[in-house]
Each structure stands twice: as structure tokens, then as C-alpha cells.
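Some notes on the structure that comes next.
The values are calculated or read from the model by the stated rules, or taken from the named source; none is laboratory data. Predicted, not measured: the structure shown is a model, and the values here were computed from it. Note: ideal-geometry Cβ built from the backbone for every residue, glycine included; neighbour counts use all protein chains shown. When the accessible area is computed, the model is the full protein with side chains, heavy atoms only, and any ligands, DNA or RNA have been set aside. Shrake-Rupley method; radii C 1.70, N 1.55, O 1.52, S 1.80 Å.
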Amino acid sequence: MAKNIQSLERAAAMLRLLAGGERRLGLSDIASSLDLAKGTAHGILRTLQAEGFVEQDAASGRYQLGAELLRLGNSYLDVHELRARALVWTDDLARSSGESVHLGVLHQHGVLIVHHVFRPDDSRQVLEVGAMQPLHSTALGKVLSAFDPVAHTEALEVNRKAFTPRTVTDIDAFESVLDHTRARGWAADVEETWEGVAAVAAPIHDRRRMPVGAVAITGAVERVCDDGELRSELVAAVRDCARAVSRDLGAGRF
């Protein structure tokens with residue numbers, strides 16, 4: 001069994017101490033509370049400070065939690081608010097479309113699936129919450145890359161692997177796909193990531209009108225497409241779902 005990394009354990013304990021005690025603590029207080037040598041405590045604090053997780057008051061020299069932790073915490077809360085707001089709408093979308101529905105967010109140069117509603121039939125299915133999907137080939141990834149500048153940059157930086165003969169890997173062709181996605185407001189994946197599978201996705205915006213995620217219908221090509229084109233009623237349903245979740249997040253009308 002792998003051992004835990006002691007320095008990380010100490011850093012985590014330090015952050016919990018700063019979060020749970022007085023608003024600001026001095027070096028001696030932190031070291032004694034965690035039974036650490038002052039030099040060791042100071043080294044960890046200096047590293048945490050450099051990363052923005054801890055701040056030092058210039059006047060007193062005491063330490064407190066930094067703004068970077070607040071940013072990370074808000075990101076965590078945003079994802080959970082997104083999922084909570086989307087639950088009813090994604091359930092309705094799966095029921096009306098008869099297909100699987102995925103909710104995804106940008107994460108580590110890919111799309112993290114944060115919610116998955118099974119196709120409403122008796123077929124065997126695997127829960128994909130926590131799975132990662134590529135930005136350049138999936139409908140979720142392409143719609144995030146089109147509307148989120150950070151996702152766009154990350155999609156250009158990654159290795160755009162060809163999963164099938166239909167996958168778009170050339171940078172100019174990929175930019176053209178994103179331009180088309182912005183113009184129509186939704187993205188498609190027809191056998192670009194998995195043979196025999198098609199998907200359509202639309203962006204979800206928050207109260208600042210910033211893209212915070214995307215919702216997609218995914219299913220077998222023969223059910224989701226007609227003559228190689230995504231069924232218009234499914235495109236409309238996904239867009240309606242995305243707009244509804246966006247409204248619930250305070251984005252107003254889109």
C-alpha cells in the first residue's frame with residue numbers, strides 16, 4: 001500500500017487549522033499546534049503562500065487563507081449548483097428524447113462528466129459520472145471550446161487524436177467547426193469519437209452569461225440521426241434544456 005506524502009499531509013493540516021481557528025495565526029502558533037519545527041512550518045507556509053493558498057498580513061506577520069482557495073471553492077460550488085439546477089431538466093430531456101443525457105464541465109484539458117441520466121429503457125448501461133471526454137471530438141467538448149475562451153485555448157494545446165476517420169484534427173478545420181458551432185449555437189459529434197455513436201450538445205451559461213458547462217444527448221447513430229444528420233427535434237430539445245438550466249442559474253433569456 002502506497003504511503004501518504006508527509007509534506008502534503010502537513011500542508012493540508014495547516015490549511016484546516018487556518019480555516020477552523022482564529023482568522024489569522026502566527027508562525028509559532030501554527031508550528032506548536034501541528035507539533036512542527038518552526039523551520040518546517042515556515043517552509044510549508046512559504047510554499048502555500050507562493051501558490052496563493054495562504055496570505056501573510058504585512059503588519060502583523062500572521063497568516064490566513066488565501067484567495068486561491070476561495071476561487072477553487074467557488075468552482076466546486078459552481079459545479080454542484082450546476083448539477084443541482086440541471087437535475088429536473090436533464091431527467092425530462094432523457095425521458096422525452098429516449099436517449100442518454102450527459103452534463104459536462106471543462107476540467108484538465110478535457111470534459112468532466114458531472115451528471116449522467118440513463119437512457120429510459122431496460123438496456124444495460126454504465127454510469128459515466130467522473131469520466132473524461134476529449135475537447136476536440138465530442139459534442140460537449142466542441143461546444144465548450146466554441147463558447148469558453150479557456151476551453152478553446154486548451155483544445156488547441158492538446159494532441160487532437162483521431163479516434164475515428166471522421167475526427168477533425170487539423171487546426172484550421174477545427175477552428176472552422178467551432179465557428180460553425182458558435183453561429184448555430186450547438187455542436188455535433190457523429191461518429192467522431194466512437195463508431196456508431198452520435199451526440200448533440202448546447203452550452204449552459206451562468207448569471208454572468210459565462211459558459212459554465214454543456215448538456216448533450218448521446219445515442220446510437222440510427223436513432224439520433226436521419227440520413228447522417230442529427231434529428232432536428234433532438235437538437236431543439238437539447239437547446240431548450242440548456243436554456244432552461246441557464247435561466248435557473250440566473251442567465252436570463254438566450
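Loop-located GluC sites (Glu not before Pro) across the range 181-223 with a Cβ neighbour count of 11 or fewer within 10 Å are E195, with loop assigned by DSSP. With Cα Rg over 2.2 N^0.38 Å in mind, check [x] 1.25; [y] 0.95; [z] 1.51 and report the label derived from this structure. Checked against the structure: label [x]. Model label points for T169 and Q49, set 7 angstrom from Cα along the Cα-to-Cβ axis, are 4.8 nm apart. Here the chain is assigned +1 on the Cβ of each Lys and Arg and -1 on the Cβ of each Asp and Glu. Its dipole about the Cα centre then comes out at about 960 debye. Spacing of the modelled spin labels on F118 and Q64, each 7 Å from Cα toward Cβ, amounts to 4.9 nm. Once the C-beta distance of R247 and L87 is scaled by a Förster radius of 22 Å, the resulting FRET efficiency is 0.90 to the nearest 0.05. The Cα-based radius of gyration of the range 38-181, divided by its Kirkwood radius, gives an Rg/Rh of 1.13. All distinct Cα pairs of the range 148-254 go into the 1/r average, and the inverse of that average, the Kirkwood radius, is 14.7 Å. Accessible surface comparison of T47, T90, T218, T169, probe 1.4 Å, protein chains only, largest first: the order is T47, T169, T218, T90. Note on the range 126-253: with neighbouring protein chains present and a 1.4 Å probe, carbon and sulfur make up 51 percent of its accessible heavy-atom surface.
Potential lengthening of the chain between E229 and R24 amounts to 67.8 nm, from the contour at 0.36 nm per residue minus the alpha-carbon distance. Counted residue by residue at 0.36 nm each, then reduced by the alpha carbon distance between them, the extension gain from H107 to A162 reaches 17.7 nm.
Each Cα pair under 8 Å and six or more residues apart adds its sequence gap; the mean of these over the residue count of the chain is a relative contact order of 14 percent. Full extension of the segment from V150 to M210, taken as 0.36 nm per residue of separation minus the current Cα-Cα distance, would add 20.5 nm. The average projected area of the range 210-254, computed from the convex hull of its Cα atoms over all directions, is 3.5 nm². Counted without the sites themselves, the longest stretch of the chain free of trypsin sites (Lys or Arg not before Pro) in a DSSP loop having at most 15 other beta carbon atoms within 10 Å is 24-123. Mean residue ellipticity at 222 nm, helices only, the chain: -15000 deg cm²/dmol; runs of at least 4 DSSP H residues each add -39,500 (n - 2.57), and the sum is divided by the number of residues.
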